[in-house]
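Beneath this line is the structure, given in structure tokens, with notes to follow.
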Amino acid sequence: MAEHLKFIALTPKVYEYAVAHGHNGDPLRAELAIETAKLGRISGMQIAAEQGTFMAILAASIGARSAVEVGTFTGYSALCVARALPADGRLLCCDVNEEWTSIARRYWERANVANKITLKLGPAADTLKALPASHTFDFAFIDADKSNYLIYYDEILKRMRPNGLILLDNVLWSGAVVDESNNDENTVALRAVNDFIAKDTRVEAVMLGVADGLTVVRKK
């Protein structure tokens, strides 16, 4: 157990208060969220507004110029990160779905960040492995198929510059990671990457209770 049980369980009212008191009300992001919601249940793959703001703050704080995202969906997280990059910054987005990313492209154009983004459609593991060893990243976000999280993490980490950040989404998996009776493929994969990072001496890491769990990794 943690030395000090210092946390707050967020009720809907407290959560709404927290979101309202951050800079999470961007109109274009809100419009994209509304359009994504029309996709139905699958829209749950979109990150939370405060998570997008948090990611943008981190990217800007470390002066990120080169970023990569594995799992783009309708482009909300990419929009947040691309806006945080300088005018000559570059964001590589990896996804497999042309329909969802076509929505992303429209909003990137409207936000005037499309020139910063390269979208690669195809298995992200192949895209990452094909990058030259000299290709470096400052910032990364992993939010795709859980079974390949370890592959994505390893391929990105070897190309991450010292003090660069890797963020991994859904690491708490609605609490399933601590349910010993739950051994479905995604849960087992997330436990594996969580355990691996916790012991990885190449990095410093912290797991946060943001949205569905977010691990922030700093390469030493």
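The values are calculated or read from the model by the stated rules, or taken from the named source; none is laboratory data. Because the structure is a prediction, the values reported are computed rather than measured. Heads up, the Cβs are rebuilt from the backbone with ideal geometry, glycines too, and the neighbour counts pull from every protein chain shown. For the accessible areas, the whole protein counts, side chains as well, though only heavy atoms, and no ligand, DNA or RNA atoms are used. Shrake-Rupley method; radii C 1.70, N 1.55, O 1.52, S 1.80 Å.
Quick rundown of the values:
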| item | result |
| --- | --- |
| Within-11-Å neighbourhood charge of Thr187 [Cβ basis; K, R +1; D, E -1] | -2 |
| Whole-number percent relative contact order across the chain, with pairs defined as alpha carbons under 8 Å at least 6 apart | 15 percent |
| Cα centre as origin, Lys/Arg/Asp/Glu Cβ charges: the chain dipole, Debye | 760 debye |
| Reachable lysines from Lys129, criterion Cα separation under 28 angstrom, eight or more residues apart if same chain | Lys116, Lys120, Lys146, Lys158, Lys199, Lys219, Lys220 |
| Label-point separation in nm, Leu28 to Leu5, each point 7 Å along Cα→Cβ | 4.5 nm |
| For the chain, built as a Gaussian network whose Cα springs stay under 10 Å, the top-fluctuating residue of Ala48, Ala30, Ala20 | Ala20 |
| Vicinal HN-Hα couplings computed from phi for region 54-69 (Karplus, 6.51 cos²θ - 1.76 cosθ + 1.60; Hz; Gly/Pro x) | 4, 4, 5, 4, 5, 4, 5, 5, 8, x, 4, 10, 10, 9, 9, 10 |
| Kirkwood-Stokes translational diffusion coefficient of region 93-172, alpha-carbon pairs, 20 °C, 1.002 mPa s, µm²/s | 156 µm²/s |
| Normalised contact order of region 109-220, rounded percent, pairs of Cα under 8 Å and 6 or more residues apart | 26 percent |
| Label-to-label distance, nm, for residues given as Glu109 and Ile42 (7 Å Cα→Cβ offset) | 2.1 nm |
| Å² of accessible area per residue within the chain, as computed with a 1.4 Å probe and no ligands counted | 53 Å² |
| Antiparallel content of DSSP bridges confined to the chain, in %, to 5 | 35 percent |
| Helix-only [θ]222 nm of the chain, DSSP H runs n ≥ 4, -39500 (n - 2.57) each, per residue, nearest 500 | -11500 deg cm²/dmol |
| Long-range amide H partners of Met160 with built H, under 5 Å | Phe137 |
| Extended-chain gain in nm, criterion 0.36 nm per residue less alpha-carbon gap, Thr118 and Glu99 | 5.2 nm |
